[in-house]
Number of protein chains: 2
Amino acid sequence: MSLNCVFIGAGNLATHLAVALKEEGVGTVQVYSQTERSAKKLADKINASFTTSPEKVSGSASVYFVALKDDAFQSVLPRINFNNKLVVHCAGSLPLSALDSYSANTGVLYPLQTFSKERVIDFKQIPVFIEANSDKNRSVLLGIAEKISDKVTPVNSARRMALHIAAVFASNFANHCYTLADEVLKENGLQFELIRPLIQETAMKITELSPFEAQTGPAVRHDHQTIEKHLRFLSGDKELSELYKTISKSIFSFHKK
Amino acid sequence: MSLNCVFIGAGNLATHLAVALKEEGVGTVQVYSQTERSAKKLADKINASFTTSPEKVSGSASVYFVALKDDAFQSVLPRINFNNKLVVHCAGSLPLSALDSYSANTGVLYPLQTFSKERVIDFKQIPVFIEANSDKNRSVLLGIAEKISDKVTPVNSARRMALHIAAVFASNFANHCYTLADEVLKENGLQFELIRPLIQETAMKITELSPFEAQTGPAVRHDHQTIEKHLRFLSGDKELSELYKTISKSIFSFHKK
């Protein structure tokens, strides 16, 4: 049986996923997005038709991938007739049961990665987590996931939530630390460029060490003299100095344990 | 004139620096460290003699590199006779003037990188910041720095402090975010391994985008529903949930500006 998909949503995740599927021979017949521009852009990329009306979503595909913002589920999905086909969402923090009212056949395919329009990513290296409401659906979804990724793991909804939270810390929050560094540099007439090698090495270190072992800096060595100097230097910026204190305190307490 | 060095300190930074210098033909005659084991270990690596007594540090080298913890300066340096030779410290958050009482010729060579014993690093790619108390000393130091790094920049003490603080945010604090992620994963029976590709991609993204542009996640898209879910999930761990809140708030306020 040849698979064909419909994509509900046309953002970064939908785009990377649809393109990766197409490259492995799993075509998409239709793309839905609220905005015509996004819908058309993705549809053109993968030779699909597109619609901006949930009512016009085709009922004849074999799999529906829902890659909407979490709060759009309830406004869009009730208006689509899925004909009880396999409906799969891609969200880290939504349980499988979020799809219960829309189809008798449901699943989750959650790729743990940060997607941006600008960057090409090797999907094969992305850990993909799947869940489904029956053995049959799990087996279909596993077949699809293993076409695009070499790292497919079944997890339940609670563990997927833990993965999503871990991703928020390791990616979103780490990236915000880069932004704060950029802020300090800018305020002192220095280029972000200068700390890029340091950022890359910090991310590479944890391929060989645990992040606990890899921790360096004034907080982990309890170098209060340096911390005081830094806080004096930052004293004009309440937000930066408060964050400096809070995160340093957290490092103290983690490395005391 | 052929240069030769003495290293005061034998930690990670001293080791990486002394080895890089040796590879470029700048030899070290002697290593001082408080502990014999560290002193001998570095000395053996670079064919130098070693001592654990500040009074026995040779007075005949051309350059002295001080790579001690900041708070060891005052206990060790007054006991060394530097003969007014060029004395260079490697600390981000100490001013050049910290060396004033020990020699008439002073400098700073600050490599902006996180060093660990276990990892080999290409020193040529490391941004190195220098400062000196005279044109002559700056020129000597520049000559040395440019042998080991392709990215040498003169900066004053205030800007070097800003660089160090930026490094704390971008490296030490980002790494602590990895540790917190690891904590969430462990508590839910999941391997850190799973989020390594995400961490690497997060660090690679900012080679093409500014970290401000690269920001993703529930906080930057004001997805309060997901944030609430995450906080409920973390509610058993006060420390993790407080940090989640604080950093999310900081993301809100940065991306409102």
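If only one of B:Val128, B:Val120, B:Val108 is within 17 Å of the chain's Cα centre (by Cα), under 25 Å from B:Arg79 (Cβ atoms), among the β-branched types (Val, Ile, Thr) and in the same structural domain as B:Leu13 (by TED's automatic domain parsing), which one is it?
B:Val108
Please count how many residues of region A:28-79 are surrounded by fewer than 16 Cβ atoms within 10 Å (Cβ to Cβ) and under 20 Å from A:Ile144 (Cβ atoms).
4
Could you tell me whether A:Val128 is touching a helix residue (DSSP H, G or I) at 6+ places or on another chain (Cβ under 6 Å), more than 7 Å from chain B (Cβ to nearest Cβ), surrounded by 22 or more Cβ atoms within 10 Å (Cβ to Cβ) and over 30 Å from B:Arg160 (Cα atoms)? Steps first, answer last, please.
Numbers: touching a helix residue (DSSP H, G or I) at 6+ places or on another chain (Cβ under 6 Å): yes; more than 7 Å from chain B (Cβ to nearest Cβ): yes; surrounded by 22 or more Cβ atoms within 10 Å (Cβ to Cβ): yes; over 30 Å from B:Arg160 (Cα atoms): yes.
Taking the combined requirement at face value, the residue satisfies it.
I need the full set of residues from region B:1-18 which are part of a helix (DSSP H, G or I), at pLDDT 95 or above and within 16 Å of B:Val63 (Cβ to Cβ), in order please.
Within region B:1-18, B:Ala14, B:Leu17, B:Ala18 meet the criteria.
Limited to region B:133-164, what total is found for residues that are free of Cβ contacts under 8 Å to residues at least 12 places away in the same chain and among the aliphatic types (A, V, I, L, M)?
2
Scan region B:210-222 for residues that are among the polar types (S, T, N, Q) and surrounded by 22 or more Cβ atoms within 10 Å (Cβ to Cβ) and report the count. Don't jump to the end; show me each part of the working.
Filtering region B:210-222 down to residues among the polar types (S, T, N, Q) leaves B:210, B:215-216.
Next cut, surrounded by 22 or more Cβ atoms within 10 Å (Cβ to Cβ) only: B:215.
Qualifying residue count, region B:210-222: 1.
Report, ordered by the first and then the second residue, all pairs with beta carbons closer than 9 Å, sequence separation of six or more or different chains, a first member in region A:64-90 that is more than 13 Å from chain B (Cβ to nearest Cβ), and a second member that is of a type in the set (Lys, Arg).
Correct list of pairs: A:Tyr64/A:Lys85.
So which residues in region B:28-57 are over 19 Å from B:His16 (Cβ atoms) and of a type in the set (A, V, I, L, M), if there are any at all?
Within region B:28-57, just B:Val57 meets the criteria.
Quick one: A:Asn156 ticks every box in (1) more than 7 Å from chain B (Cβ to nearest Cβ); (2) closer than 30 Å to A:Glu239 by Cα bar one, so which box is it?
(2)
Right, B:Ile144: in contact with a strand residue (DSSP E or B) (Cβ under 9 Å, 6 or more places away or on another chain), buried (at least 24 other Cβ atoms within 10 Å of the Cβ) and over 24 Å from A:Ile251 (Cα atoms) or not? Steps first, answer last, please.
Details: in contact with a strand residue (DSSP E or B) (Cβ under 9 Å, 6 or more places away or on another chain): yes; buried (at least 24 other Cβ atoms within 10 Å of the Cβ): yes; over 24 Å from A:Ile251 (Cα atoms): yes.
Considered against the rule, which asks whether it is in contact with a strand residue (DSSP E or B) (Cβ under 9 Å, 6 or more places away or on another chain), buried (at least 24 other Cβ atoms within 10 Å of the Cβ) and over 24 Å from A:Ile251 (Cα atoms), B:Ile144 comes out as yes.
For region A:223-243, indicate whether the set of residues that are among the β-branched types (Val, Ile, Thr), closer than 17 Å to B:Tyr178 by Cα and crowded, with 18+ Cβ neighbours inside 10 Å is non-empty. Steps first, please.
Taking region A:223-243 and keeping what is among the β-branched types (Val, Ile, Thr), we get A:226-227.
Next, only the ones that are closer than 17 Å to B:Tyr178 by Cα stay: none.
The answer is no, given that none of the residues of region A:223-243 is among the β-branched types (Val, Ile, Thr), closer than 17 Å to B:Tyr178 by Cα and crowded, with 18+ Cβ neighbours inside 10 Å.
Just to be sure I understand, how many residues within region B:152-186 are more than 14 Å from the chain's Cα centre (by Cα), surrounded by fewer than 24 Cβ atoms within 10 Å (Cβ to Cβ) and of a type outside the set (Val, Ile, Thr)?
Looking only at that region, the number is 9.
What about B:Thr28, is it modelled with pLDDT of 95 or more and assigned to a strand (DSSP E or B)? Explain how you work it out, then say what you get.
Details: modelled with pLDDT of 95 or more: yes; assigned to a strand (DSSP E or B): yes.
The answer is yes for B:Thr28.
The values are calculated or read from the model by the stated rules, or taken from the named source; none is laboratory data. The structure presented is a predicted model; accordingly, all values stated were derived computationally and were not measured. Ideal geometry is used to build each Cβ from the backbone, glycine not excepted, and the neighbour counts take in all protein chains shown.
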